[in-house]
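Reviewing the structure listed below.
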Amino acid sequence: MDQTYLTLNIGTKTPQFGMGVYMVPEGEETKQACLSALRMGYRHIDTAHAYQNERSVGAAVRESGIPREEIWITSKLWPSEYGEGKTMVGIDKMLSRLNIGYIDLLLLH
């Protein structure tokens, strides 16, 4: 698959086509689905704290053999994590669950 990219208004390029893992259970199922998508050429995976599968997404990214900077990861904060004293804690927890160094796009769920 040839991945196409969109350029955001800040100049960053994001893969136009990605895989969402909503409703895919945490564990081997999510990890294998992500690994298969990455092998097929996907370079964007969309997850969220609420999906409870960030650990498996991170495991797939680490095991894929694809340089991290070539994979775009989107994740989302849950509303209970919004606000002073909560948001940074929520992001730190998300980064810990993913264990891939950084998140490319963080959305508010």
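Computed from the coordinates by the stated procedures, all read-outs in this text should not be read as laboratory data. These numbers come from a predicted model, not from an experiment. Heads up, the Cβs are rebuilt from the backbone with ideal geometry, glycines too, and the neighbour counts pull from every protein chain shown.
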* What distance in nm separates the simple spin-label points at Lys86 and Leu108, each placed 7 Å from Cα in the Cβ direction? -> 1.1 nm
* Structure fact -> Taking only Cα atoms of region 5-108, the Rg to Rh ratio with Kirkwood Rh works out at 0.96
* To do: Can you tell me the 0 to 90 degree angle between the C-alpha axis of helix 28-40 and the longest principal axis of the chain, rounded to 10?
  => 50 degrees
